[in-house]
Amino acid sequence: MLTVTGTEMGLPLLGIPNSGVRSQYLNYVWNFCAEKFDHKEIISASNLIADAARSGNIRPFVESMISLCSRNSSKCQLKIREGLFQAWFLAFLSWNRIYEPSPESELRQGYSDILLFPRHRAPDIAHSYILELKYLNTSAGAADMDKASAAAADQLACYRQDPRIRLLAQGTRMHSIIIIISGFDLVLFEEIPG
C-alpha cells in the first residue's frame, strides 16, 4: 500500500500513493493509536526524539515522558519506582524509528537503564545516549539525592568504558545522562562529561 519516496537518517521514507489509500491507512493508524494514547502525544514524542538525534538535547523528551506518566498513572503505581518510568520511556521509544532502545543492557558488572543507539548509521543522527534513571521517595532529602547522583555518575563512567558501547556509539556523540525522579517530578537532569 505504501511507496518508498526517499530516505531520512538512513531509513526509507514511505509515502501514500493516492487519496483512497491515504484515507484507509490513516483511519487504521489513528484508530489503533487512539485506543492506546492520544495521537498528539505519539507525534510529539517522535518529534522530540528526532530533535534529540539532531541536537543532542534529550531533556524535552524526558520531561514529556515524566509528564505523560504523571497524567496516566495512579499514585499507587509509584511503589514500582523507577521501573514505572522506565516502562513509559520504553513504550514511547519503541515507536521511534531512529534509535534502538535497549533496556537493562548488561554492561561491565552493571545494568544501564536505557541505551539509545542509532538503528541505522546516517549522518544526521549525531547523538547517542545512556540514560541512568534513579527514583527517590518524596520524603528523600538532599543527602539521598547526592548519594543517588554519585551512584549514577559512577555507573555511567563505568558503562562508557565498555568496548561494546564505544562500538555502538561510533560516529555519534555519546551523552551520559543522570535522571532522578521524585514522586512525579524531575529533580535532577545532569549530563556527565566524558
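The values are calculated or read from the model by the stated rules, or taken from the named source; none is laboratory data. Everything numeric in this text was worked out from a predicted model, so none of it was measured. In case anyone asks, the SASA skips ligands and DNA or RNA and just uses the protein heavy atoms, side chains included. Shrake-Rupley method; radii C 1.70, N 1.55, O 1.52, S 1.80 Å.
Mind ranking D146, D162 by accessible surface for me, highest first, 1.4 Å probe? Present the calculation step by step, with values, prior to reporting the outcome.
Working: D146 100, D162 5 Å².
So the residues, ranked largest to smallest area, are D146, D162.
Of C158, C69, the order by accessible heavy-atom surface (1.4 Å probe, DNA, RNA and ligands excluded), from most exposed downward, is C158, C69.
In order along the stretch 53-64, the Karplus-derived 3J(HN,Hα) couplings, from 6.51 cos²θ - 1.76 cosθ + 1.60 at θ = phi - 60°, round to 5, 7, 9, x, 10, 8, 4, x, 5, 4, 4, 4 Hz, and Gly and Pro are given as x.
Phi-derived couplings, Karplus 6.51 cos²θ - 1.76 cosθ + 1.60 at θ = phi - 60°, listed residue by residue for the stretch 154-167: 5, 4, 5, 4, 5, 4, 5, 7, 5, x, 5, 5, 4, 5 Hz, with x used for Gly and Pro. The H on the amide N of G56, modeled in the peptide plane, is under 5 Å from the matching H of no residue at least 5 residues off or on a different chain. Note that the stretch 186-191 has calculated 3J(HN,Hα) couplings of 7, 9, 8, 9, 9, 8 Hz, one per residue in order, obtained from phi through the Karplus relation 6.51 cos²θ - 1.76 cosθ + 1.60 (θ = phi - 60°); glycine and proline are x. Ordered by solvent-accessible area of protein heavy atoms (1.4 Å probe), largest first, the residues S64, S55 come out as S55, S64. Near the amide H of E100, within less than 5 Å, lie the amide hydrogens of F117, R119, all on another chain or at least 5 residues away, with H placed in the peptide plane.
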